[in-house]
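Presented below is the structure to which this report refers.
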Amino acid sequence: DDEKKRIRNHMTMDFLEQDSVAAQWFWRIVATLAIAAAYHWYSSSDRTGAPDLGNRLQAEWAGGGKHKQASSSPSSSKEEVDQRSGLLDRLEKESKSRDIVYDGIEDEAEETLIREEAKKAKPSAPPEELDVPLALQEDVASTAAAAPIAVSPPTPLSNEPPLIKSKHGYHPGIDGFSRWYETEASLYRIYTVGRSDGVLVHPPFIPKSERGHVNLKLKVTNKYRRTMSAYWVDYKGKEIHKGNVPNGGIFHQTTWIGHPWIFREKDSGDLLCHYIPYKVIPTTEQIPTVDSDDPEVGIHQFSIVSLGQHPQKDEGLTCFIQDPVFPTDIETPQDAAGWTFQEMSRMNYMHIDTVTKYLTNIVLHPTEPKYRQIRIAHKRFFEQVWATAARGLFLSSGFVEEGAYAELGSAEPLKRERVQDLSTLLFYIEKWKRIQERPAAESVVEQPAGADGYGRAGFGRQGMNGQ
């Protein structure tokens, strides 16, 4: 055995001493291992080494790092916190740039926990750096401990509707009705009246005639103090003279939906009004809107009147319009309700029982505001009342639109005179209902072509039966 060991040692020494390829590779491997060991030691002892940064960070914070040996003085504690913050910042940069997986921080939750611990370790400012005396600090601390700040609990959400916004119970007038009425009337026709005070009058937004499918008759009565001239606006926007109408005369014309017309004073050429028909108006027994010679053709009729016959009108206008279907002189709640009944008949309104129920609840419970505050978006109310002609009954009776609700009166009990007005309105509703419930053979009125809204601007013959 001793001889074998001696021979093996001798061969090993001979191998290392010989300048052979095997010896060269052996020393290369040894040198590589030495370099790797040196690099590992360097990266573990220097902060710029990224591969073991996570392990070293965890070890240092656990108490094994050199930064844990900081003194208990404020400056040493601050330095320790700064060093830890620098480690975290460097860790984030390295993870973003090199996408390194750190063994010490496995996920974002753990990293967040480490950050919170670092914040807790951050010391407060030393007392000598403050200008507040120490005795005053102790008084403030004892006061805060004796009288903690009371935090009010959050107010729970409520499904109760807001209070009615109106502060008085008087009738608000018909301003809300007038705005809705103008919108409804503009679906069928538009008037733009001229002015005599120098204010510029813009024509309606259709500058010329367009092709369409529905024709109608135009009947314009001249109640102006002078002779007027009628002009049709052709397909190129030019005014084509169609005749003159003396005071008291009637202008008859076959035209088409969407064809603009202009009426001027003959001698001066001053504008009296622009007019555009948009839809055929459904007819009723009370106010027919069909041609007497041809019931299948609808008719638009109105009068141009001098201001002297209506002194309440704006003096800056050259004239005003009298329209039997859409009157321009609705000034009282009674007028507004009367027109609404006509419109309900024209539209063949079918939900009058819903209106009766809402208004009856108010009359029977005048002291309860909940019956006078109706959510507009309520499916039944919106579809059967607010989006129909019956909306005029609510607006004429004093309902106002306040945000998401239609409200009547104030939060106080409804005044006696207003309850009486609603009772009168309910009486006329029942009367209108009995008229509508007549036998079908008596109540059906044949409507002109286009009364369902079919057809828009069009072209056709322009006939002139006036002068």
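Here are a few things to note about the model shown:
- Count of residues meeting criterion [part of a strand (DSSP E or B), open to solvent by 60 Å² or more (accessible area, probe 1.4 Å) and of a type in the set (Ser, Thr, Tyr)] in region 370-428: 0
- Candidates ALA404, ALA337, ALA389, ALA377, filtered to the one that is more than 19 Å from ASP175 (Cα to Cα), among the small types (Gly, Ala, Ser) and under 32 Å from the mean Cα position of the chain (by Cα): ALA377
- Only residues that are of a type in the set (Phe, Trp, Tyr) and over 21 Å from PHE326 (Cα atoms) were counted across region 164-222, and they come to 1.
- Selection over region 298-307 of residues that are over 17 Å from GLU343 (Cα atoms) and open to solvent by less than 20 Å² (accessible area, probe 1.4 Å) gives a count of 5.
- Within region 257-287, being within 34 Å of the chain's Cα centre (by Cα) and basic (Lys, Arg) holds for one residue alone: LYS279.
- Taking each residue of region 363-383 that is in contact (Cβ under 8 Å) with a residue 60 or more places away in the chain and looking for partners that are among the charged types (D, E, K, R) and open to solvent by less than 60 Å² (accessible area, probe 1.4 Å) with beta-carbon atoms closer than 8 Å, six or more apart or interchain, yields ARG372/GLU407; GLN373/GLU407.
- Residue check for VAL363: of a type in the set (A, V, I, L, M), in a helix (DSSP H, G or I), surrounded by 14 or more Cβ atoms within 10 Å (Cβ to Cβ) and under 30 Å from the mean Cα position of the chain (by Cα): no
- Tally of residues being at pLDDT below 70 and either more than 16 Å from THR284 (Cβ to Cβ) or open to solvent by less than 100 Å² (accessible area, probe 1.4 Å) (or both) across region 434-459: 11
- Residues that are aliphatic (A, V, I, L, M) and touching a residue at least 60 places away in the same chain (Cβ under 8 Å) within region 241-277 comprise VAL245, ILE250, ILE257, LEU271, LEU272, ILE276, listed in sequence order.
- Filter result for the condition that a residue is open to solvent by 70 Å² or more (accessible area, probe 1.4 Å) and at pLDDT 75 or above, over SER186, SER196: SER196
- Flag for THR356 being at pLDDT 95 or above, part of a loop (DSSP other than H, G, I, E, B) and not aromatic (Phe, Trp, Tyr): no
- The requirement of being assigned to a loop (DSSP other than H, G, I, E, B) and surrounded by 18 or more Cβ atoms within 10 Å (Cβ to Cβ) is not satisfied by ILE276.
The values are calculated or read from the model by the stated rules, or taken from the named source; none is laboratory data. Just so you know, these numbers come straight off a predicted model, no measurement behind them. A quick note on method: Cβ atoms are made from the backbone with ideal geometry, for glycine too, and the neighbour counts reach across all protein chains shown. We work out accessible area using only protein heavy atoms, side chains counted, and drop any ligands, DNA or RNA first. Shrake-Rupley method; radii C 1.70, N 1.55, O 1.52, S 1.80 Å.
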